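Below is one structure; the comments refer to it alone.
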Amino acid sequence: MVIRSLLRTFAVRMIDRATIDKIMDATNIVDVVGEFVTLRKAGVNYKGLCPFHDDKTPSFMVSPTKQICKCFACGEGGTAINFLMKHEQITYPEALRWLAKKYSIEIEEKELTPEEKQQQSDRESMLIVNEWAKDYFCRMLKEDPDGIAIGKQYFRSRGIRDDIIEKFQLGYALQKRDSLALAAQKAGYKAEYLVKTGLCIQGEKGIYDRYAGRVIFPWLNVSGRVVAFGGRLLDSRTKGVQQKYVNSPDSEIYHKERELYGLFQAKRAIAKEDRVYMVEGYTDVIAMHQAGVENVVANSGTALSLHQIKLLRRFTPNITLLYDGDEAGIHAAMRGTDMLLSEGMNVKVLLLPDGDDPDSFARKHSTQELKDYIEQNQTDFIEFKTDNLLKGVEDPVKRSEGISSIVRSIAFIPESITRDSFITKCAHRLKVDEKVLVDTMNKYIARDKEDKEKERERNESRQQDQQPAAEGGEKEQGLIMPIGLHSLDEQTREVERLLVQSVVRHGGEVIYENIETDDGNTTNLTVAQYISFDLGQDNLQLHDARYNQILAEATAHSGEPGFEAESYFLHHPDVAISNLATELAIDRHQLGRGFQLKEREGSLRHHVLHLVLDLRMDIVEKRLKEIQQQLRQVGNDMGRITELLTEYKETQELRDALARQLGNDLVR
């Protein structure tokens, strides 16, 4: 964490403020979020499924006018920078570079020293090495004699065009076992990261290349960064070889169950077509792209994971499983159906004619023929399961098992209306009493609920067992407690939040003009300066460290030409400050009215003064309660009792004065 923090601080220094401003000016949050979430117009804003929690109905709102986003279910949101940092698990400078690349903005950075290079995080170093390796493999395919004669010839034999090779950044690894290792180390990349990424394997005599003599398929994550590679032996070498493909091992930047091959190249087409085709392998994806069908991804022969399904669900709820018509293809479709249904996906299945896979089938047909065949032959999961579980089955026991399997799948569907529709369809198709199917389905649903409840209780029990005993009462992280205050109630929290909200929104706006100073001059006071001055008279601090930082920075920058507090804090390099500013900025908008501004009552000055007085009133009332408590505990110490009574009377007078200033003679 210390190294990552140092890296963030250093990297911000490397990218100058002017360049950051240029990046921010060019950034359109709708474009950025749209790279990862399917957005639909909703009034003046956009909405989609939140990528940060299991969102079934669109609760993630994006405001193009404010350039911020917000999930009204889980609370995540922020600027484009915040979104990228959270979604891609990257640092602030990495997010800036991502945006700079997207908007073709050049970032000039000085050369890192060896000490500074050492500070780079493992994750970023691995991504950099992978990016270099991808370029190296591509270069070998295009320029090296063996790459052209062997690698490129292989792709040509599969009918893959040059533009598709370029689109998927395909490459070739030379046959010599240390070609990449030597080239990488010569270019300055450490053996440590070559091994960590899986590009090389550590042997007794040093490191050697994992993919030697193979054609290369880079894995790009949803944002386009190279996280892994797949290497395929050439056809002449695959006879009798079990391991035709070799893939990158799991690492800090790559987990196979969390990635889908081709998603980066397919995501726009998936959103546009509102459907995704799921195939098994690299060449299936590539062949379909070449045939003109681009909304296709591959899970590379492994069982679909929950994370992969949630990833796809951001772009579309509609999926067609497009597999070979052999036994392996049927099994692959069967094992993925129930999990897809449970996540609210609308599932269709298409098994290709025997002897064909998506690769060979796509190469035999034109784009229109391929699209027409898919449209005419894909079936919903009931028809698919009926055909494969019950076709020709006469045995009553086996038939009952097959029907139960179909009903079990229907029970996974979260929407009750959709479940009922499929139950009716199933009853008609199988000629079974609908009530019997409904009863069976309800038993499955009840059992699932019971299992989930038991799992929840087990998790709660484990958490309680792991929870350390509280020491010295509850402690709130990040609180700075003023002298004499030992607790913070909800009312005070809300007043402080509203006060800082005013600083974020209007911190640089003048509310007092031509105020005389001690030296006879005059000055203006902004919102931030007034609040800081007023609280400073009594050495009062706010209870949240972030609040005090916002107030201090707004005060320091007030009066600077062009200073706008909201923009300044929304794009603050400290993620905690930026996130808080987003919460405070977006709070002024109403969800149902497309982020319309809630007008404050009265003038800005009146609003700020009232909040400061409210805060002082809360502090005074707390002190009165503390004095009362001390009086009950002081015993017979008359000297101490007299001191407390005197303070109590003075504090009461102060409270009454504050009440009158607040326009309320009635003491609360």
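The values are calculated or read from the model by the stated rules, or taken from the named source; none is laboratory data. Just so it is clear, the structure is predicted and the values come from calculations on it, not from any experiment. Note: ideal-geometry Cβ built from the backbone for every residue, glycine included; neighbour counts use all protein chains shown. Ligands, DNA and RNA are stripped out before the accessible areas are found, and what is left, the full protein with its side chains, is counted by its heavy atoms. Shrake-Rupley method; radii C 1.70, N 1.55, O 1.52, S 1.80 Å.
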- Hits in region 60-77 (condition: on the phi > 0 side of the Ramachandran plot and in contact with a Leu (Cβ under 8 Å, 6 or more places away or on another chain)): Gln67
- Could you tell me whether any residue of region 192-200 is at pLDDT below 90, out of contact with any helix residue (DSSP H, G or I) (no Cβ under 7 Å at 6 or more places or on another chain) and farther than 30 Å from Ala266 by Cα? no
- Message: For region 346-357, check the following and say yes or no: at least one residue is part of a helix (DSSP H, G or I), open to solvent by 70 Å² or more (accessible area, probe 1.4 Å) and either without any contact (Cβ under 8 Å) to a residue 40 or more places away in the chain or closer than 30 Å to Phe155 by Cα (or both).
- Response: no
- Test set (1) hydroxyl-bearing (Ser, Thr, Tyr); (2) under 26 Å from Ala287 (Cβ atoms); (3) surrounded by fewer than 22 Cβ atoms within 10 Å (Cβ to Cβ) - Tyr189 fails condition number: (2)
- Task: Report whether or not Ile164 is modelled with pLDDT of 85 or more and open to solvent by less than 10 Å² (accessible area, probe 1.4 Å).
- Result: yes
- Output yes when any residue across region 229-248 is of a type in the set (Asp, Glu), over 27 Å from Leu340 (Cα atoms), open to solvent by 20 Å² or more (accessible area, probe 1.4 Å) and without any contact (Cβ under 8 Å) to a residue 40 or more places away in the chain, and no when none is. no
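Restricted to region 421-450, and to residues that are in a helix (DSSP H, G or I) and open to solvent by 80 Å² or more (accessible area, probe 1.4 Å), which residue is farthest from Asn388 (Cα to Cα)?
Glu450
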- Query: If you go through region 546-553 one residue at a time, do you hit one that is at pLDDT 85 or above, among the acidic types (Asp, Glu) and in a helix (DSSP H, G or I)?
  - Reply: yes
- Item | Matching residues, region 331-342, being buried (at least 18 other Cβ atoms within 10 Å of the Cβ) and more than 12 Å from Ser409 (Cβ to Cβ) | Ala332
- Check off (1) open to solvent by 70 Å² or more (accessible area, probe 1.4 Å); (2) of a type outside the set (Asp, Glu); (3) under 37 Å from the mean Cα position of the chain (by Cα) for Arg177 and give me the number that stays unchecked. (3)
- Boolean, Val222 is outside any helix (DSSP H, G or I), touching a Phe, Trp or Tyr at 6+ places or on another chain (Cβ under 7 Å) and either more than 30 Å from Val37 (Cβ to Cβ) or open to solvent by 10 Å² or more (accessible area, probe 1.4 Å) (or both): yes
- Query: Does Lys86 satisfy the criteria of being modelled with pLDDT under 85, basic (Lys, Arg), at negative phi and open to solvent by less than 70 Å² (accessible area, probe 1.4 Å)?
  - Reply: no
- Query: Right, Ile641: farther than 25 Å from Glu496 by Cα, part of a helix (DSSP H, G or I) and open to solvent by less than 40 Å² (accessible area, probe 1.4 Å) or not?
  - Reply: yes
- Message: When you scan region 310-331, do you find a residue that is part of a helix (DSSP H, G or I), within 22 Å of Leu39 (Cβ to Cβ) and of a type in the set (A, V, I, L, M, F, W, C), even just one?
- Response: yes
- Message: Being modelled with pLDDT of 90 or more, part of a helix (DSSP H, G or I) and within 27 Å of Ala95 (Cα to Cα) narrows it down to one residue among Ala181, Ala266, Ala287; which is it?
- Response: Ala266
- Exactly one condition in (1) within 35 Å of the chain's Cα centre (by Cα); (2) modelled with pLDDT of 85 or more is not met by Asn579; state its number. (2)
- Selected residue [modelled with pLDDT under 90, surrounded by fewer than 20 Cβ atoms within 10 Å (Cβ to Cβ) and closer than 25 Å to Ala446 by Cα] from Pro414, Pro396: Pro414
- Residues within region 364-390 that are hydroxyl-bearing (Ser, Thr, Tyr), in a helix (DSSP H, G or I) and under 21 Å from Gln290 (Cα atoms), tallied: 2
- Item | Only listed residue being over 30 Å from Gly34 (Cβ atoms) and part of a helix (DSSP H, G or I), chosen from Val195, Val215 | Val195
